[in-house]
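Working notes, structure below.
Just so it is clear, none of the values below were taken in a lab; they were calculated from the coordinates. From a predicted model like this one, the values you see are computed outputs, not experimental measurements. Using ideal geometry, Cβ is built from the backbone for each residue, glycine included, and neighbour counts are taken over all protein chains shown.
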Amino acid sequence: MKSLLVIRHAKSSWSTADLIDFERPLNERGKKDAPAIASALLKKNVKIDTFISSPAKRAKKTAQYFCEAYSRDKDEIIFKPELYHAASEVFYRVIKDLSNKSNTVAIFSHNPGITEFVNTLTDTRIDDMPTCGVYAIQMQEDDWSKFETAEKTFWFFEAPKLL
């Protein structure tokens, strides 16, 4: 069985008007929410083998907070430039190429693509993936290359407002 955690980056700052979108950092709320959500996943005994992230500053920092909570080296994060504002088909391509050594993978990315993607996975819908929201699914297959056509089961949803 394989498990996938799709995580939207934590709340970002809009305080610097001339900063390009890719470089926007987390704001104070985001810096609190990311460790809190990671801690909530640990309390649920959710193990994460692989961390994959958009290289945008806010997604990267969110993934780093998760690595810290999981006592993992932030250098283990795999950055995929194509996850920056990715459409659903990009998520499927990234997942298809995952190593089968990884049973549980966390992918950090952005809206609106992340909401679009999670709504293709199961019958459990999310109107708008909140910042630092986690949409988790499981599939019975042991081969990530079969992800797109595999039957997937909704596992759980977590978000800062639910804590």
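When the test is whether a residue is part of a helix (DSSP H, G or I), hydrophobic (A, V, I, L, M, F, W, C) and in contact with a helix residue (DSSP H, G or I) (Cβ under 8 Å, 6 or more places away or on another chain), ALA10 does not pass it.
Being surrounded by 19 or more Cβ atoms within 10 Å (Cβ to Cβ), free of Cβ contacts under 8 Å to residues at least 60 places away in the same chain and on the phi < 0 side of the Ramachandran plot is the requirement here; does LYS43 meet it?
Values: surrounded by 19 or more Cβ atoms within 10 Å (Cβ to Cβ): no; free of Cβ contacts under 8 Å to residues at least 60 places away in the same chain: yes; on the phi < 0 side of the Ramachandran plot: yes.
Considered against the rule, which asks whether it is surrounded by 19 or more Cβ atoms within 10 Å (Cβ to Cβ), free of Cβ contacts under 8 Å to residues at least 60 places away in the same chain and on the phi < 0 side of the Ramachandran plot, LYS43 comes out as no.
Would you mention how many residues in segment 4-19 are more than 11 Å from GLY30 (Cβ to Cβ) and under 12 Å from the mean Cα position of the chain (by Cα)?
Residues of segment 4-19 that are more than 11 Å from GLY30 (Cβ to Cβ), as a first pass: 4-7, 14-19.
Narrowing further to those that are under 12 Å from the mean Cα position of the chain (by Cα): 4-7.
Selection size over segment 4-19: 4.
Residues checked against (1) touching a residue at least 24 places away in the same chain (Cβ under 8 Å); (2) touching an Asp or Glu at 6+ places or on another chain (Cβ under 7 Å); (3) closer than 26 Å to THR153 by Cβ; (4) surrounded by fewer than 18 Cβ atoms within 10 Å (Cβ to Cβ):
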position: LYS2; (1), (2), (3), (4): yes, yes, yes, no
position: HIS9; (1), (2), (3), (4): yes, no, yes, no
position: ASP21; (1), (2), (3), (4): yes, no, no, yes
position: PRO81; (1), (2), (3), (4): yes, no, no, yes
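I'd like the residue in segment 108-142 that is among the charged types (D, E, K, R) and in contact (Cβ under 8 Å) with a residue 60 or more places away in the chain and, out of all such residues, is surrounded by the fewest Cβ atoms within 10 Å (Cβ to Cβ).
Looking at the filtered set, the residue picked out is ASP142.
Within segment 83-94, identify whether any single residue is touching a residue at least 60 places away in the same chain (Cβ under 8 Å) and either under 25 Å from ASN27 (Cα atoms) or not hydrophobic (A, V, I, L, M, F, W, C) (or both), and answer yes or no.
Pass one, segment 83-94, residues touching a residue at least 60 places away in the same chain (Cβ under 8 Å): 84, 91.
Remaining after also requiring either under 25 Å from ASN27 (Cα atoms) or not hydrophobic (A, V, I, L, M, F, W, C) (or both): 84.
Within segment 83-94 (the criterion being touching a residue at least 60 places away in the same chain (Cβ under 8 Å) and either under 25 Å from ASN27 (Cα atoms) or not hydrophobic (A, V, I, L, M, F, W, C) (or both)), the answer is yes, since at least one residue qualifies.
Restricted to segment 145-163, and to residues that are assigned to a strand (DSSP E or B) and not polar (S, T, N, Q), which residue is farthest from LYS47 (Cα to Cα)? Among those that are assigned to a strand (DSSP E or B) and not polar (S, T, N, Q), it is LYS152.
Quick check on ALA34: is it farther than 20 Å from MET139 by Cβ and crowded, with 20+ Cβ neighbours inside 10 Å? Judged against the criteria, ALA34 is a match.
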